[in-house]
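Please read the structure below before turning to the comments.
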Amino acid sequence: MGPRNVPLERENPDLLASPYTDSGTIPNLKFSFATARNRLITGGWAREVTVRELPVATELAGVNMRLKPGGIREMHWHKEAEWGFVLAGRCRITAIDELGRSFVDDVGAGDLWNFPSVIPHSIQGLEQGVEFLLVFDNGSFSENETFLLTDLFAHTPRDVLAKNFGVAEAAFAHIPVDVEHERYIFAGQVPGPIAADVVQSGGGIVPHTFSHHMMAQEPIRAPGGWVRITDSTNFPAASTIAAALVNIEPGAMREIHWHVTDEWQYYIAGRGRMTVFASGGKARTFNFQAGDVGAVPHGMSHYVENLGDEPLRYLEMFRANRFMDVSLNQWMGLTPPELVQAHLNLDAQTMAALRKDKPIIVASRR
């Protein structure tokens, strides 16, 4: 009888009318980038989801960023490690490590990078521009609080700059002062061939690349989809953030499982539903679409279903050096059958169907 926000209710039908198995109170585990404040600047835009927007996500924070062709995310560094995933377009990334060894690479859709803590770096859009997801290993991290090159210069006396670089003070007469409005993400020219941007270093190039071609990995295939896992075992630079790119076909689901660390999710395509079981008789279901962020505290079991007619694709992210999960199906399949029977009264056919391997993604038998 009262007022309603019908479009929002239609996006979240399992909150409006929850499954009968939902019970009790669980913190909110969803926040959409569409409802985050977007910072619009000359070279692109950026919006973030931190512990401020999603209080339960204390270990990881995320930024959705767009750079126009030639747009520059200015040279900067931060105390947190930065993990990036290219959603569309292409960009050039540069960095040096603490020994002065250089790095430059061009990355495109499906590629990722990881810059460890305090490693200075930059990002610039190529011909068609770029949009990407950044994930940081601290839920309280804000993209608005990074160490910016122009900010450093604006807050260092010019005589000190002159002494540091061995030039006259006049050399710094035109450095940006109002950096809040002039830099951070600003317009630039599309860079030329990558070979022209390779600056020779006496230290050489970094021994472990900061970029990784995730889609070039051989996926773990299942009847209902596939998974590509990237962590320190196949991308050494990613020592604090592990990730899985999950693709679930229509009618299939990511099996019931749980993790030893908190999970941070980003939904790329499709329409899905996740139910989280929090012990103590508590469970809650959330609906997700492209651009949404999900969170699951460690130890809570959950599953993700594809509710649409196209593949559901999303990232599972963890503050860890290795991807780890525990499978309900595998646990039951590797437990003495009599013990499982004593708990659940399952018939012989169901007991025979239990898996000793890890299904990861399962397809509907209907």
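Of all residues in segment 296-333, those satisfying the criterion of being of a type in the set (Val, Ile, Thr) and crowded, with 19+ Cβ neighbours inside 10 Å are 296, 304.
Close contacts from segment 321-348, counting a first residue that is under 30 Å from residue 245 (Cα atoms) and a second that is loosely packed, with under 10 Cβ neighbours inside 10 Å, with Cβ to Cβ under 6 Å and a gap of 6+ residues or different chains, come to 333/356; 334/356. Please indicate, with yes or no, whether at least one residue in segment 288-296 is over 25 Å from residue 66 (Cβ atoms) and either part of a helix (DSSP H, G or I) or not aliphatic (A, V, I, L, M) (or both). Within segment 288-296 (the criterion being over 25 Å from residue 66 (Cβ atoms) and either part of a helix (DSSP H, G or I) or not aliphatic (A, V, I, L, M) (or both)), the answer is no, since none of the residues qualifies.
Among the residues making up segment 131-160, those that are among the aromatic types (Phe, Trp, Tyr) and either over 15 Å from residue 64 (Cα atoms) or in a helix (DSSP H, G or I) (or both) are 147, 153. Residues in segment 220-265 that are aliphatic (A, V, I, L, M), touching a Ser or Thr at 6+ places or on another chain (Cβ under 7 Å) and either free of Cβ contacts under 8 Å to residues at least 12 places away in the same chain or more than 20 Å from residue 321 (Cβ to Cβ) (or both): 252, 256. Could you tell me whether any residue of segment 315-335 is among the small types (Gly, Ala, Ser) and touching a helix residue (DSSP H, G or I) at 6+ places or on another chain (Cβ under 7 Å)? No: segment 315-335 contains no residue that is among the small types (Gly, Ala, Ser) and touching a helix residue (DSSP H, G or I) at 6+ places or on another chain (Cβ under 7 Å). So, residue 303, is that one within 25 Å of residue 238 (Cα to Cα), in contact with a strand residue (DSSP E or B) (Cβ under 7 Å, 6 or more places away or on another chain), in a strand (DSSP E or B) and in contact (Cβ under 8 Å) with a residue 12 or more places away in the chain or not? When the stated conditions are applied, residue 303 does not pass them. Against the conditions (1) buried (at least 18 other Cβ atoms within 10 Å of the Cβ); (2) more than 30 Å from residue 319 (Cα to Cα), residue 177 satisfies every one except (1). Just give me the residues in segment 161-206 being closer than 22 Å to residue 119 by Cα, assigned to a loop (DSSP other than H, G, I, E, B) and touching a Pro at 6+ places or on another chain (Cβ under 9 Å), in sequence order. Listed by number, the list holds a single entry, 183. For segment 225-243, name all the residues that are more than 15 Å from residue 114 (Cβ to Cβ) and either crowded, with 22+ Cβ neighbours inside 10 Å or at pLDDT below 95 (or both). Hit for segment 225-243 is 225, nothing else. Restricting attention to segment 309-341, the residues that are closer than 30 Å to residue 58 by Cα, out of contact with any Leu (no Cβ under 7 Å at 6 or more places or on another chain) and among the hydrophobic types (A, V, I, L, M, F, W, C) add up to 8.
Evaluating residue 285 against the criteria (1) assigned to a strand (DSSP E or B); (2) within 28 Å of residue 232 (Cβ to Cβ) leaves one unmet condition, (2). One residue stands out in segment 334-366 among those that are of a type in the set (A, V, I, L, M, F, W, C) and part of a loop (DSSP other than H, G, I, E, B): the one that is surrounded by the fewest Cβ atoms within 10 Å (Cβ to Cβ), namely 334.
The values are calculated or read from the model by the stated rules, or taken from the named source; none is laboratory data. Note that this is a predicted model, so its numbers are computed, not measured. Note that we place each Cβ from the backbone using ideal geometry, even for glycine, and neighbour counts take in every protein chain shown.
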